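To start, the structure under review is shown below, and the notes come after it.
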Amino acid sequence: YDVAPPLLSNDDERQIRFNEKFKNIKNMPTGESLKNVIDRLYPFWNQYVENIKRNPVLRYCNHLIIAHSNSLRAIVKILDQLSDEEIVSVNIPTGVPLVYEFDDNFNVIHKEYLIDQAKLEEKQAIVVNQGKVQ
């Protein structure tokens, strides 16, 4: 949760600073842990939720959030109020919509993947096996 992967070297071509879209952003990370992602996400997330709460039109609409990897894990950790230990074992399959339903106080009252259980387990197994030597 709070251990970053090995950082990229300054000349590594995978460095985000070499991507034209990010050329004007200073101090880009060369790697980050899930904790770093959550720390970066919280200010945005809190403002996002406050905007929804204050705006009656937004409050009763559906909202689509698209993310992947650690960004999605960070959102799930926040929404499900998971501990640092619990989030480590959460397996989020790639490309499967996850729908949350909230009550009027923004508590999660229902959550489900939009896929049948057998397919979900199949996709979760793929995630578990990523990076393993075959």
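Looking across region 80-98, the residues that are without any contact (Cβ under 8 Å) to a residue 60 or more places away in the chain and either open to solvent by 30 Å² or more (accessible area, probe 1.4 Å) or closer than 16 Å to residue 39 by Cβ (or both) come down to 80, 81, 82, 83, 86, 89, 90, 91, 94, 95, 97, 98.
For region 97-126, a residue qualifies if it is hydrophobic (A, V, I, L, M, F, W, C) and under 21 Å from residue 79 (Cα atoms), and the qualifying residues are 98, 99, 102, 106, 108, 109, 114, 115, 120.
Please tell me if residue 81 is of a type in the set (S, T, N, Q), at pLDDT 90 or above and under 23 Å from residue 3 (Cα atoms). Spelling it out, residue 81 is indeed of a type in the set (S, T, N, Q), at pLDDT 90 or above and under 23 Å from residue 3 (Cα atoms).
For region 2-21, the set of residues classified as more than 16 Å from residue 68 (Cβ to Cβ), under 21 Å from the mean Cα position of the chain (by Cα) and open to solvent by less than 60 Å² (accessible area, probe 1.4 Å) consists of 4, 15, listed by residue number. Number of residues in region 42-78 that are basic (Lys, Arg), over 21 Å from residue 31 (Cβ atoms), at pLDDT 90 or above and surrounded by 10 or more Cβ atoms within 10 Å (Cβ to Cβ): the value is 1. Does residue 37 satisfy the criteria of being loosely packed, with under 10 Cβ neighbours inside 10 Å and β-branched (Val, Ile, Thr)? Taking the combined requirement at face value, the residue does not satisfy it.
The values are calculated or read from the model by the stated rules, or taken from the named source; none is laboratory data. Everything numeric in this text was worked out from a predicted model, so none of it was measured. FYI the Cβ positions are ideal-geometry reconstructions off the backbone, even for glycines, and counts take in every protein chain you see. We work out accessible area using only protein heavy atoms, side chains counted, and drop any ligands, DNA or RNA first. Shrake-Rupley method; radii C 1.70, N 1.55, O 1.52, S 1.80 Å.
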